[in-house]
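Reading through the structure tokens given below for one structure.
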Amino acid sequence: MLENRRILLIVSGGIAAVKAPDLIRRLREHGAKVRCILTKAGEQFVTPMSLAALSGEKVFQDLFSLTDESDMGHINLSREADIILVAPATANMMAKMTHGIADDLATTALLATDKPVMIAPSMNVMMWNHAATQENLKTLQKRGIEIVGPGAGDLACGEVGDGRMAEVADLITALNTFFQTRKQSGPLSGYAALVTSGPTHEPIDPVRYIANRSSGKQGHAIAAALADFGAKVTLVTGPTQEPNPNGVAVVAVETAQQMLEACLAVKPVDIAICAAAVADWRVAQASDGKLKKTNGSTPPALSLAENPDILATLSQAKTDRPKLVIGFAAETENTLENGTAKRTKKGCDWIVANDVSAGFGGDTNTVHLITDQGGDSWPTLSKKAVAERLASQIATHVKQNF
Ligand code: PMT
């Protein structure tokens, strides 16, 4: 369950911070991507260098660092994660979380997050049993914060009792259980979804092809978001460098024709989302052998044939039409108007119209969601955030209409 999960690990200032390097190592062994925030007090126990070396990522420390803010603002830091894990969570950290105090990068990220938060308390037994900490614990639990541990045993201060941070293995189990449970009880659990992503490659000859610059980031993020919401997702993807999303069945194809066949084979599904940048045309007669360049000869002319339209085929299907078909519109001008026209032309229910004048492949997207109610313009968001917002709108629609 941890493969490709993005974990924002906040290391606060307790002796258990020395377990952070091992925790990062184990998380990465499970396929997770770990980014760290190290508090000032945490730095007394573990160095930013060791966390950076083990996570393979920059370690963020300072709320007012110009470089950190321009690399990855504190809001994005928490939005880009799938979960925030505070390990160790000191009594001070728990108190600040309870009262919404945001006086450093870690607490600001925690206050600004829209993501689940898990904490692994670690402190002296008297601090743990103190009425203030126990009240804070109850408040955090009531707010849905996941609490792991603490365990009982010898404490670093020499006393014995509750307060030992949960073992690394227990934290890994807790994260696995968290993602598993969320998937099983998600708002789209029981529904099947098909997502297309990436470019298609249309062969000219055995070694050359026509393609476009789609990276697959947007389509893959949508597949991941739907799976996180509990849907049974099949991702039909053209050639990309993107890792397969967690818990998603992936069918890899090359051409538009193969993509269509793969999509039809996945039917019936409840929801279909076509985010792939399918080539509109293919070479009518791809050569069986490599086209040769001979000195002085005229270059070969490529004669093109139209590819099948996968979105239109799914939208206009007479049998087993998915109850909700969503297309994308890649536009360089009049995005809203052209997207609205494309929705009618293709016969889909919704269109996500995006401005691609800056090209494909970036990490952000500016989209308008066009439905029969008109267009809703979203701010520029990361592709992951677009995917999560779209999944959330789909979940609402499914609840009201399916
Ligand atoms: O992959 P990224 O780098 O993250 O970039 C994301 C993206 C820009 C590719 C994505 O957000 C996007 O806009 N995808 C659709 C690209 C596209 O082909 O747009 P279009 O306006 O040409 O096509 C309209 C719709 O018809 C799309 O849903 C497309 O998947 C579908 N289509 C088009 C042609 C075809 N033969 N079959 C189709 O299904």
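Restricting attention to segment 167-213, which residues are away from the ligand (no atom under 16 Å from the Cβ), small (G, A, S) and modelled with pLDDT of 95 or more? Matches in segment 167-213: A169, A174, A192.
Within segment 358-382, the set of residues being within 10 Å of the ligand (Cβ to nearest atom), touching a residue at least 24 places away in the same chain (Cβ under 8 Å) and surrounded by 21 or more Cβ atoms within 10 Å (Cβ to Cβ) comprises N365 only.
Taking only segment 150-167 into account, find how many residues are surrounded by 19 or more Cβ atoms within 10 Å (Cβ to Cβ) and closer than 21 Å to V34 by Cα. Step through it out loud before you land on a result.
First, pick out the residues of segment 150-167 that are surrounded by 19 or more Cβ atoms within 10 Å (Cβ to Cβ): 150, 155, 163-166.
Checking the rest, the ones that are also closer than 21 Å to V34 by Cα come to 165-166.
Residues flagged as surrounded by 19 or more Cβ atoms within 10 Å (Cβ to Cβ) and closer than 21 Å to V34 by Cα within segment 150-167 amount to 2.
For (1) aromatic (F, W, Y); (2) under 26 Å from D170 (Cβ atoms); (3) open to solvent by less than 20 Å² (accessible area, probe 1.4 Å), each residue gets a yes or a no:
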site: F45; (1), (2), (3): yes, yes, no
site: P48; (1), (2), (3): no, yes, no
site: K58; (1), (2), (3): no, no, no
site: H74; (1), (2), (3): no, no, no
site: R79; (1), (2), (3): no, no, no
site: D82; (1), (2), (3): no, yes, yes
site: A89; (1), (2), (3): no, yes, yes
site: T98; (1), (2), (3): no, yes, yes
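Among (1) small (G, A, S); (2) part of a helix (DSSP H, G or I); (3) not assigned by TED's automatic domain parsing to the domain that holds K33, which single condition is S214 missing? Going through the list (1) small (G, A, S); (2) part of a helix (DSSP H, G or I); (3) not assigned by TED's automatic domain parsing to the domain that holds K33, S214 breaks only (2). Looking only at segment 238-248, residues that are under 14 Å from T200 (Cα atoms) and either within 11 Å of the ligand (Cβ to nearest atom) or open to solvent by less than 10 Å² (accessible area, probe 1.4 Å) (or both) come to 3 in all. Contact map, segment 219-237: first residue part of a helix (DSSP H, G or I) and within 14 Å of the ligand (Cβ to nearest atom), second residue β-branched (V, I, T) and open to solvent by 10 Å² or more (accessible area, probe 1.4 Å), Cβ cut-off under 6 Å, separation 6 or more or different chains; pairs are A223/V248.
Kindly establish whether N307 is more than 25 Å from V367 (Cα to Cα), in the same structural domain as H220 (by TED's automatic domain parsing), crowded, with 18+ Cβ neighbours inside 10 Å and at pLDDT 95 or above.
Considered against the rule, which asks whether it is more than 25 Å from V367 (Cα to Cα), in the same structural domain as H220 (by TED's automatic domain parsing), crowded, with 18+ Cβ neighbours inside 10 Å and at pLDDT 95 or above, N307 comes out as yes.
Considering every residue within segment 387-402, establish whether at least one is open to solvent by 40 Å² or more (accessible area, probe 1.4 Å), within 11 Å of the ligand (Cβ to nearest atom) and under 29 Å from V253 (Cα atoms). Scanning segment 387-402 turns up no residue that is open to solvent by 40 Å² or more (accessible area, probe 1.4 Å), within 11 Å of the ligand (Cβ to nearest atom) and under 29 Å from V253 (Cα atoms).
Regarding V352, is this residue within 11 Å of the ligand (Cβ to nearest atom), in contact (Cβ under 8 Å) with a residue 24 or more places away in the chain and buried (at least 18 other Cβ atoms within 10 Å of the Cβ)? It is true that V352 is within 11 Å of the ligand (Cβ to nearest atom), in contact (Cβ under 8 Å) with a residue 24 or more places away in the chain and buried (at least 18 other Cβ atoms within 10 Å of the Cβ).
The values are calculated or read from the model by the stated rules, or taken from the named source; none is laboratory data. The structure presented is a predicted model; accordingly, all values stated were derived computationally and were not measured. Because the Cβ atoms are built from the backbone with ideal geometry, glycine has one as well, and the counts that use them run over all protein chains shown. Protein only, heavy atoms only, side chains kept; ligands, DNA and RNA dropped before computing areas. Shrake-Rupley method; radii C 1.70, N 1.55, O 1.52, S 1.80 Å.
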